[in-house]
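The structure appears below as structure tokens.
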Amino acid sequence: MNNIKIGKIGIIGLGYVGFISAVGFALKGYKVKCVDILENNVKMANNGEVPFFEPNLRENLGKVLESKRFSASKDYTILKDTDISFICVGTPSLKTGEIDLKYIKSSAENLGKVLGTMDHFHVAVVKSTVVPGTTEEVVLPILEKFSGKKCGVDFSIAMTPEFLKEGDAMNDFLNPDRTVIGASDQRTANLLKNLFMQLGGKILIVRNPRTAEMIKYANNTFLAMKISFINELANISRTIGGIDINEVAQGIGLDQRISGKFLKAGCGFGGSCFPKDVKAIKEFAKNRGYNPILINAILDVNEKQPLIMIKILKEAIGNLKGKKIAILGLSFKPNTSDMREAPSIKIIDQLVKEGVILNAYDPVAIDEAKKLIKGTINYSNSLLNCIKGADACLIITEWDEFRELTPDFFIKNMKEPIIIDGRKIYDFNLFSSKLKYYTIGQK
């Protein structure tokens, strides 16, 4: 192992993390070979297409395909001559909230079979988000069983959690603020350190993979806690009047121990990470006999937060039945098409029950929304068509396209210029002086 050099990198799973990682390593000059069980993902990747929206990803994929540093296949034997492989498969939630490890187990089994045919040392790295103990207690035994080889002799294992922000993931990968490495031995840790040093940022080597796994959950749970915390204060502030929750957030954010990041009051967090990861660590704790009171509260606040929008809407226009409501923004955050756990889903579901006529617009997420949102809803092909003649407009996602709008735009095109701003993207004094403007955290 002392002489191992990383020339070819394997990526298992062409989902969000795998795709970004594969293109990122290829941009850094490595030959990257990818495996995915879905033929469509493989075909799209080899043809320069991506199955989701992420700024700069498609363009960078084109570059690495042209340089012949990127290839994808359904066949795991493509990994046979790689020096290191990253397991980047999904870990979806079970109905209980626990993570489903079926893709982790399957990928470890298939990698193990290929590992058994290798005549060189290989490093297997878990990058998927998994609960503490998974790499050592699940992945390692499967690799040994199906390869017939021994960890520490023929191969080694490690865990390096991903910290990619959807909407800016390509930049995050190429310019990380930190990399966490938990390895089975120090030599593997040093090897990974040398690999990730090329990307920059601080590198933290921790004592074992389970510590790295816990850091990932701690990271996301803490950020989710900040969001639920400021949303709880926003809801309290709205009962008082005369308080701008943005100023409250700014005031406490000036304290360097707190910082102002993730203190933006709104209609709740969503996406592929925060809801899933907070639920997973909650169940992980419960299964070990510990009741995580604070984590329970994070989820409770977020579960109710989207419906605050409905409450404010009713305060503004009364009975909702038959009203024409415009929804601006469907994805859980801007610059992504990701609709997983998006607050818009819960808001729209409730509005459908209230008997409203719904128009919705999002720059990139409409196709994804159609897969997830039930009930009758009209999808508009433009912002203008969405709000035309509406009795009220709910802003769910803070796309830049929406930020540029003026009060006059709403006044001119809506039946009733009533705005429920779930992301506080407009100047309160300006908008409230010209139309009926409501926000979370400000009465």
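Just checking, which of 293, 281, 387, 347 is of a type in the set (A, V, I, L, M), surrounded by 20 or more Cβ atoms within 10 Å (Cβ to Cβ) and under 27 Å from residue 219 (Cα atoms)?
Numbers: 293 fails: surrounded by 20 or more Cβ atoms within 10 Å (Cβ to Cβ); 387 fails: under 27 Å from residue 219 (Cα atoms); 347 fails: under 27 Å from residue 219 (Cα atoms).
Only one candidate passes the filter, namely 281.
Got a sec? Which of 421, 362, 408, 400 is within 30 Å of residue 273 (Cβ to Cβ), loosely packed, with under 15 Cβ neighbours inside 10 Å and modelled with pLDDT of 95 or more? Give the derivation first.
Details: 421 fails: loosely packed, with under 15 Cβ neighbours inside 10 Å; 362 fails: loosely packed, with under 15 Cβ neighbours inside 10 Å; 408 fails: within 30 Å of residue 273 (Cβ to Cβ).
The match here is 400.
Considering each residue of the range 60-89, count those that are surrounded by fewer than 19 Cβ atoms within 10 Å (Cβ to Cβ) and among the small types (Gly, Ala, Ser), and give that number.
Selection size over the range 60-89: 4.
Answer yes or no as to whether residue 200 is in a loop (DSSP other than H, G, I, E, B), assigned by TED's automatic domain parsing to the domain that holds residue 167 and modelled with pLDDT under 95. Don't jump to the end; show me each part of the working.
Working: in a loop (DSSP other than H, G, I, E, B): yes; assigned by TED's automatic domain parsing to the domain that holds residue 167: yes; modelled with pLDDT under 95: yes.
Yes, satisfied.
The values are calculated or read from the model by the stated rules, or taken from the named source; none is laboratory data. It should be emphasised that the depicted structure is a prediction, and the values quoted were computed from it without experimental measurement. For neighbour counting, all protein chains shown are included, and Cβ atoms are generated from backbone atoms with ideal geometry for every residue, glycine included.
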